[in-house]
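Comments concern the structure below.
The values are calculated or read from the model by the stated rules, or taken from the named source; none is laboratory data. Just so we're clear, the structure is a prediction, and the values are computed from it rather than from any experiment. All Cβ positions, even for glycine, are placed from backbone atoms using ideal geometry, and neighbour counts span all protein chains on display. These accessible areas exclude ligands, DNA and RNA; they are computed on the full protein's heavy atoms, side chains included. Shrake-Rupley method; radii C 1.70, N 1.55, O 1.52, S 1.80 Å.
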Amino acid sequence: MKFGPRKPSLKKRISARTSIKRQVVHRAGLKMPKGYGWVRNPKKYMYNKVYNRTTFDIFKLFKKLFK
């Protein structure tokens, strides 16, 4: 598991928004309500919950510093 700042990746940021899988799910109306990730994939939900608590986004850090 990673601790500390996340390394930003422009390529991953763009591909997450433009993936075919995401487009199909959104257009088919198969989105689940916010907070229901544990129903769809519990293992991924737990991993992401721990990852997001042990790391932080560098851009959010800059935003807080220069606010």
Practice task
Determine the order of Lys12, Lys34 by accessible area, beginning with the largest, at a probe radius of 1.4 Å.
Solution key: Lys34, Lys12
Fill in the blank from the handout: In the chain the accessible area split gives carbon plus sulfur, as whole percent at 1.4 Å, a share of 62
Practice task
Would you mind working out the accessible area per residue for the chain, using a 1.4 Å probe, and quoting it in Å²?
Solution key: 100
Completion exercise
Any lysines whose Cα falls less than 30 Å from that of Lys67, other than same-chain ones fewer than 8 residues away, would be Lys2, Lys7, Lys11, Lys12, Lys34, Lys49
Exercise for the section: Run the 1.4 Å probe and let me know the accessible area of Met32, rounded to the nearest 10 Å². Expected result: 80
Exercise for the section: Quote the accessible area belonging to Val24 in square angstrom, nearest 10, computed with a 1.4 Å probe and with ligands, DNA and RNA left uncounted. Expected result: 90
Problem - Computed [θ] at 222 nm, helices only, for the chain once each DSSP H run of length n ≥ 4 contributes -39500 (n - 2.57) - result: -18000 deg cm²/dmol
Handout entry: Answer label for log10 I(q)/I(0) by the Debye sum over Cα atoms at q = 0.13, 0.29 Å⁻¹ (calculated), chosen among [x] -0.55, -1.15; [y] -0.48, -1.21; [z] -0.58, -1.18
Key = [x]
Completion exercise
Here, chymotrypsin sites (Phe, Trp or Tyr not before Pro) of the chain satisfying both criteria (DSSP loop; at most 15 other Cβ within 10 Å) are Phe3, Tyr36, Phe66
